[in-house]
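What follows is calculated from the coordinates using simple rules that are stated; it is not laboratory data. Because the structure is a prediction, the values reported are computed rather than measured. Cβ: placed from backbone, ideal geometry, glycine included. Neighbour counts: every protein chain shown.
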Amino acid sequence: MSAPILVTGAAGFIGARFVESCAARGLDVVSVDRAAHFVERPEHAGVAFGRIVDRDALFAWLADGAPRLAGIVHLGACTDTTQLDVAYLERVNVDYSKRLWRFACERAVPFVYASSAATYGDGAHGYDDDESRVDALVPLNPYGDSKQRFDRFALAEAGRGAAPPVWSGFKFFNVYGFGERHKGRMASVVLHAFDQIRATGRVRLFRSHRGGIADGEQKRDFVAVEDVVDALHFALAMPLARGLYNLGTGSARTFLDLAHATFAALGRAPTIDFVDTPAELRARYQYFTEARMQKLRAAGWSHPATPLEAGVARSVARLLATAEPR
């Protein structure tokens, strides 16, 4: 039996898709998350999670004779961009990650982790994954700041020679795909649009509150979860020696594009209503994101970006296959 890959956040959206892909590739895994999440989320039915370790017991398990690991893919985090409890984010997103990094250093285990495009804030400093610019970035919310703090820790530790043998951090842009239902309001607009269209035949999008940007013309770099999973495998198999990398498509699309793609996948004519962005979110709302992908492409990742329409159609097809009929 090959050495397993340890996957944190394995019962989450991206984590479950990565574990699912490992089974398809014949790779063994150790799945880390809250134990209850593996059984209470119906969208995970049929996923072969391998050995399951509760996230609160992970470090005791690692210290008590855990097997040799082929790599660590650290996806576990609080991903709620509206979470304002800084102490909680420090504990869950930063301190936990530091402990896992140090374990990877001690045991010489390849380490791949999820950062976030939220570190770029309002984009005033661009979306370039040049590490020399990291300190200038100003996230718009505590979640983004927690990801920024760990990025800075990783770079500082690597700079003093205290890094895993190979490591990479990926700044995920707007990931969408099957398996998001447990995220509730933090799920992508694809899932919300799917549910709204099936229930009412309409979609609600946030109105623009910025001059020069029409309603629905806010743009994000929407990246299919299958592309993200492929990049994570590439990072381990290549392997990527070190560093921070953007992970998106490199092409921003509007929320109107995404809504129209969802209507098309469901065979419905588009009907869209615009609602005010909640006042408490407006100061922290990103109106544009677009990954500069040159660094990861130059490192050898040649997987073609999934076009938005194709990715949405694939997501909708899988949602329909598991959804209650209407």
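Among the residues of the range 109-165, how many are over 17 Å from R220 (Cα atoms), outside any helix (DSSP H, G or I) and among the hydrophobic types (A, V, I, L, M, F, W, C)?
Total satisfying the criteria: 8.
With the structure loaded, tell me whether A48 is within 19 Å of E226 (Cβ to Cβ) and not charged (D, E, K, R) or whether it fails that test.
yes
Tell me which residues, restricted to the range 164-184, are within 24 Å of A291 (Cβ to Cβ) and surrounded by fewer than 18 Cβ atoms within 10 Å (Cβ to Cβ).
Answer for the range 164-184, where residues must be within 24 Å of A291 (Cβ to Cβ) and surrounded by fewer than 18 Cβ atoms within 10 Å (Cβ to Cβ): just K183.
Of all the strands (runs of 3 or more DSSP E) wholly in the range 1-95, which have at least 3 residues that are touching a residue at least 12 places away in the same chain (Cβ under 8 Å) and crowded, with 18+ Cβ neighbours inside 10 Å? Spell out the reasoning first.
Values: elements: 5-8, 29-33, 51-54, 71-74.
It comes to 5-8, 29-33, 71-74.
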